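The next block holds one structure in the form of C-alpha cells; read it before the comments.
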Amino acid sequence: MPLRQLTMPRIVVLAYEYQGIPYSWGGGHKERPGPSTGTCQGYTGKIKPCPARRTRGLDCSGLTRLVYARAHGYDVLGPGNTDDHLRRMRQVTDPRPGDLVFFGKRRTHHVGIYLGDGKMMNAPETGAVVRVDDIAGRKHLRGYYRL
C-alpha cells in the first residue's frame, strides 16, 4: 500500500474504489447502499431518453451514502436525496478530507466527498462516471459538512 494511502482518511480511500462507476439518476438508493439501476422519475438530464432504468451505477448521493456506509459499518446517511443527507450533518468551516461538500441554493442539488486541495470525488451527471473534479468548477457551493 502506498504511503499516501496510509495517511488518507478511510472515507477518501473508499471513495477512490468507486472511481469509474457509471452515473445513474437514482442509482444507489435501493434498500441497501451500492450501485443499482436508477429511476427516470424526476430525471432532468441532457441524454434522452433517460438511461437510468438500464444503467447500473450511482448518483451523487448514492455514492456518498455507499462510501459512508462502508466507512462506518452501517448506513449512516440512509436512503434519500442530498437534502435528506444534509440534515444528518453539521456544517463546518474547516473542511477535512472525507467531509461532504454540498451545492445548491434553497435546496441542494449535488454532493461530493471532499478530498482536499479543492478537489472532490463525485458522480457528476448522466453520461459521466464517478470521478475527481475541482470544487471551484461547480456553481452554488453550499458548504462543507461533517457527521
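The values are calculated or read from the model by the stated rules, or taken from the named source; none is laboratory data. All values derive from a computational prediction rather than experimental measurement. Cβ sites come from the backbone with ideal geometry, for glycine too, and all protein chains shown count toward neighbours. These area figures cover heavy atoms from the full protein model, side chains too; ligands, DNA and RNA do not enter into them. Shrake-Rupley method; radii C 1.70, N 1.55, O 1.52, S 1.80 Å.
Tallying residues that are farther than 25 Å from Gly127 by Cα and not aliphatic (A, V, I, L, M) within the range 56-83 yields 6. The conditions of being of a type in the set (Lys, Arg) and under 20 Å from Tyr18 (Cβ atoms) are not met by Arg107. Across the range 63-87, the qualifying residues are those that are out of contact with any Pro (no Cβ under 7 Å at 6 or more places or on another chain) and among the acidic types (Asp, Glu), and the one among them that is most open to solvent (accessible area, probe 1.4 Å) is Asp84. Restrict the check to the range 21-34 and report whether at least one residue is small (Gly, Ala, Ser) and more than 17 Å from Val111 (Cα to Cα). No - not one qualifying residue is present in the range 21-34. Pairs meeting the criteria (first residue in the range 82-93 and farther than 8 Å from Thr108 by Cβ and at pLDDT 90 or above, second residue surrounded by 14 or more Cβ atoms within 10 Å (Cβ to Cβ) and among the basic types (Lys, Arg), beta carbons under 8 Å, at least 6 apart or on different chains) are His85/Arg65; Met89/Arg146; Arg90/Arg146; Val92/Arg146. Scanning the range 10-43 for residues that are more than 12 Å from the chain's Cα centre (by Cα), of a type in the set (Ser, Thr, Tyr) and open to solvent by 40 Å² or more (accessible area, probe 1.4 Å) gives Thr37, Thr39. The listed residues are Cys60, Cys50, and the only one of them that is surrounded by 15 or more Cβ atoms within 10 Å (Cβ to Cβ) and out of contact with any helix residue (DSSP H, G or I) (no Cβ under 8 Å at 6 or more places or on another chain) turns out to be Cys50.
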